[in-house]
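Okay, structure first, notes after.
The values are calculated or read from the model by the stated rules, or taken from the named source; none is laboratory data. Bear in mind that the values here come from a model prediction, so they are computed numbers and not experimental data. Cβ placement follows ideal geometry from the backbone for every residue including glycine, while neighbour counts extend to all protein chains displayed. All accessible areas refer to the heavy atoms of the entire protein, side chains included, with ligands and DNA or RNA removed. Shrake-Rupley method; radii C 1.70, N 1.55, O 1.52, S 1.80 Å.
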Amino acid sequence: MFKLLFKLKKSHYFKILAFTTTISFFPFVMIAAYSMYQGSNLSNQIMKDQIANTKKEVLSQKLLYLQKETQNLNTDLHNLENTLRIIQKQAKTIYSRPNLALTNELHVTKGKEGYLWETFDDKYEKTNVFISSISSDLAETAINELKIAKQLEPLFVQTMENETMINAVYLALPSSSWLYYPFLDVETAISSKKFAPNLRFQNYEFYTVALNPQRKVKWTKPYIWSAKPMGDVTKEDWLISVGAPVYLTTGEFKGMVGLDVPIENITNKLMDVRFSEPNAFAFLIDDKGNFISGQTKAEGIQKNAPIIYSALKNNEGILPITYSNSEAYLLSSSLNNGWRLNFIISESDIVEPIVKSTEAQTNKHMLLFLSHLLVFLLFGIIILLHLTYRFSRTITQPIAQLTAALRESADGNFVKELHIEQEDEIGNLAVAFNFMNQKIQELIGELNLKAHQLEDKVLERTKELESANERLIHINQQLQESEKRRKEFMSQISHDLKTPLTSVREYTEILVNHQLLPEIQKKEIMNSILLRSNHIIQLINDLFDMNTDDDGDYIKEVIPFEFLIEQSLNMIAIRSEGSDIEITKNYAVGSLFIFVDPKKMNRAFINILENAIKYSKSKNGKKIKIDIFAYQENENLIIKFKDFGIGISENNKEKIFLPFFREKRTSTEKIQGNGLGLSIVQKIIAAHDGHILVDSKVSVGTTITIVLPFVETSEI
């Protein structure tokens, strides 16, 4: 026993083992204590970071949610505004061009207070009128204007069916008279003192909001309106109204149209907003800070709405505030009409779950860390003993391996690699040897790779030069073709301008050289000069339209198709005065809407109709007939213009949309034109995401078909 202890005492392995075990014990203890301390600090810091990150993430998500709800509410309000714009345009149309054949007699009843109103036994889908007693001296005029307004009844009914947020649609005139839908029992409202018989509209914001010089759609502040449709006057409701002025084409103010939106309907939409935070809520204020609507928890915000609005300072996003004596966050987003949708979220609702979760996780991980530390300490001692034993036996073995490897390298064998796992000086020497051996092999491989890459680059450069040469040849061909088209275009313009200019010059010379011509002959010459000058101006205007890139100047809006086509037909009737023209219309009135720039599309329709008239006049002086068709086909609106003129030859159908192209027969039959009309039409249709087709037979007639995207009634 003593001999064994003596040997161990002299043993180098035993000395290393005792020394390493002693010096390793203290670091283990210090690491454990330091880890516990840092773990606690780290836990607190993680909790702070997690609170900050979670608040940022939660508030960012809520802001996105707010913006999404704002967009949804914007869409609903925008739809109402668009609907009102349609009613506004229809009212302007019927008053600017009143059709007395469509008016009906009004069976008005006079109340004992002097007001006039209309009632029915069957009130289903009926509008009724009201004339205030203050307008008794203007009653006859008001009745005549309301007769015309009755033409809006189908549109009012359709509006109520399509828009679920509103409860009334009306047209109000300056004489304090209106057309109202659904049926309003005026007599019951007045008898219950919910409605004044001498009502003066100019005293109410629902009317004055429309009296803006910009003629825009405007919203009122929330207000109470007692009178209800169908005589229900037992309850007072808060409303928001949207109004728009009606001006005639002459600029005369005719009245206003409006929609009533119950605050309850807006509140119902806000009630769909859901929060995971128990104390969070949503509310809506207008552009002046007035409270409009909110969830149940937002009842206390009404008094503070102006203060919150002023605190926003026209900014959107996230704003820290103090609400109910605690820290909170105000999230705000603006609607298109200036209103603001807001969320209020308490900071404690965000922070408390994080604190509880972090404390529980910290305690759990600290216990787990201590258990892992004890296991690690046990395994460390075992590994230390093993490594110490291995260290004493493996000093000479790496040296022998390194010596053998150096001999093999000297013989040119660079493949073999030393497998030495030590990290001391000997291990570093082995790593350096392996690194040197690897670098020599890599240099040899790189030299071979560079040779192959050089060969590949030569081939690649050769292919690039060939490709560049082909592109140059193609570009040269395109330039030659472009120059050819330019010369042809300039030649055609010169020819079309030279002919009328020559005539103008000749007529001018006659006037200069023959000043004693009879007045009749002078007038004929002057008319000829004027006609050819107008022809030159028209040609220049058409050239400008053809060569101007004005795709960004299109101002599109949704309008009834029959309204736009009637404008084009009226313009054609003026320009073709004296011609015997018969127009046949084949489309359903009031069911087709198009999303177009009215001026541009009017120009396209007029060009097509003028061509139909111009190329039909050569048929023995007979009556000019044009058939117009319009209908929906799948997702498209199909519009057809059919004439019975000279037609287009089969070979020229694809050429008629080229600038300046005209068939030879037009010169033979002396039909005036410059060949730019259909080119301009094609450009306008393409700018509206549509296309144009032509179907024609010589001496039979031509059908021009326009295909445009269809506008659903529910989208208006």
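The table that follows gives values for the structure above.
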item: Cα shape, the stretch 151-191, gyration tensor, a/c 1.5 rule; result: oblate
item: Debye-sum result for the stretch 45-192 in log10 I(q)/I(0), which assumes one identical scatterer on each alpha carbon, at q = 0.16 Å⁻¹; result: -0.91
item: Over 30 Å (Cα to Cα) - which of Lys150/Lys614; Lys92/Lys623; Lys297/Lys356; Lys254/Lys625 fall in this group; result: Lys150/Lys614; Lys92/Lys623; Lys254/Lys625
item: Mean Cβ count within 10 Å, highest first, over the residues of peptides 280-289, 89-98; result: 280-289, 89-98
item: Net lengthening on full extension, Thr164/Thr296 (0.36 nm per residue, minus Cα-Cα); result: 45.3 nm
item: Long-range tail of P(r) for the stretch 325-388 (Cα pairs > 16 Å, %); result: 71
item: Surface accessible to a 1.4 Å probe, Arg215 within the full protein complex, Å²; result: 120
item: Inter-label distance, nm, simple model (7 Å from Cα along the C-beta direction), Trp238/Ser324; result: 1.9
item: Estimated FRET transfer efficiency (Asn268, Asn41; beta-carbon r; R0 60 Å; 0.05); result: 0.75
item: Cα Rg, Dmax, the stretch 36-96, angstrom units; result: 25.8, 87
item: Segment Val558-Leu100, extension gain: residue separation times 0.36 nm, minus the distance between their alpha carbons; result: 162.2 nm
item: Model label zone, Tyr65; criterion: amide N under 13 Å from point 7 Å along Cα-to-beta-carbon; scope the stretch 257-291; result: 271-283
item: Inter-probe distance in nm under a simple model that places probes 7 Å from Cα toward Cβ, at Phe369 and Val694; result: 8.5
item: Estimated FRET transfer efficiency when R0 is 41 angstrom, pair Glu125-Thr250 (beta carbons, to 0.05); result: 0.80
item: Solvent exposure, largest accessible area first (probe 1.4 Å, DNA, RNA and ligands not counted), of Asp456, Asp627; result: Asp456, Asp627
item: Accessible area in the full protein assembly, largest first, 1.4 Å probe, for Tyr170, Tyr507, Tyr631; result: Tyr631, Tyr507, Tyr170
item: Accessible solvent surface per residue of the stretch 90-142, calculated while the other protein chains remain in place, 1.4 angstrom probe, Å²; result: 60
item: Over 29 Å between alpha carbons, listed pairs Lys523/Lys600; Lys126/Lys556; Lys194/Lys221; result: Lys523/Lys600; Lys126/Lys556
item: Accessible area, probe 1.4 Å, largest first, for residues Ser576, Ser568; result: Ser576, Ser568
